[in-house]
């Protein structure tokens, strides 16, 4: 996919926290500013702008979200299919 | 939050939830904004004429009044418009509470909320009792207002009414 924009697990945790705190924060700021200036349109302009800014911070895969890449175990080389077969047979015997 | 589509969906869904919270906060907080609407109705003239209506000789009242009201304090950040009406209220022997709308107006901005109308007549609405005759009644004239908000609850109220003179005898009484 062209725009998959994956991030790592630690990044997912961060992006979720940033998005939720950001959106709630702009809702509160919008409410307070709108109430003080008695302007309802301003409240929703601040809120909409806040969602856009939050999206800008959270949607792209910034390097900030990819600092803890998953460390995979080294791959195991299997020599022959036959060897694998005998191994599984041994396991069967053990279990019975 | 793994890829772009999931993050976009999460942000959108959360923003919608928070938006409903924001709307609720606006709706509830608007109920606590204090206002001080004042207004009075002065009746200059009140004439009664008899006309035939529904095969009955019926009293029609014709009123001329001055309306002076300051409703600017009702305009807060969540006020879309006001509906204002002058209502005559009176008590008769057969009916405890009678309310007749004599004049109304829709106010859409704070600049228009200071109402000063002279020599207003009940041209739009007929001033008749539910029975053919008013009899000797005294009516209160008060200004009712309904506040329509952008978000939240409809609020209504009325300004203090002033007792005025009792109804005269019909002008074309035979």
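With respect to residue B:119, determine if the residue is on the phi > 0 side of the Ramachandran plot and outside any loop (DSSP other than H, G, I, E, B). In short, yes. Within region A:1-19, can you find the residues that are without any contact (Cβ under 8 Å) to a residue 12 or more places away in the chain and either touching a helix residue (DSSP H, G or I) at 6+ places or on another chain (Cβ under 6 Å) or not in a helix (DSSP H, G or I) (or both)? Of everything in region A:1-19, those that are without any contact (Cβ under 8 Å) to a residue 12 or more places away in the chain and either touching a helix residue (DSSP H, G or I) at 6+ places or on another chain (Cβ under 6 Å) or not in a helix (DSSP H, G or I) (or both) turn out to be A:1, A:2, A:3, A:4.
Being part of a helix (DSSP H, G or I) and surrounded by fewer than 15 Cβ atoms within 10 Å (Cβ to Cβ) is a property that residue B:17 has. Mind checking which residues of region B:76-109 are without any contact (Cβ under 8 Å) to a residue 60 or more places away in the chain and over 15 Å from the mean Cα position of the chain (by Cα)? Answer for region B:76-109, where residues must be without any contact (Cβ under 8 Å) to a residue 60 or more places away in the chain and over 15 Å from the mean Cα position of the chain (by Cα): B:76, B:77, B:90, B:91, B:92, B:93, B:94, B:95, B:96, B:97, B:98, B:109. Evaluate the following for residue B:114: is it surrounded by fewer than 16 Cβ atoms within 10 Å (Cβ to Cβ), in contact with a strand residue (DSSP E or B) (Cβ under 6 Å, 6 or more places away or on another chain) and in contact (Cβ under 8 Å) with a residue 24 or more places away in the chain? When the stated conditions are applied, residue B:114 passes them.
Just so you know, all these numbers are worked out from the coordinates, no wet-lab data involved. Computed from a predicted structure; not experimentally measured. Note: ideal-geometry Cβ built from the backbone for every residue, glycine included; neighbour counts use all protein chains shown.
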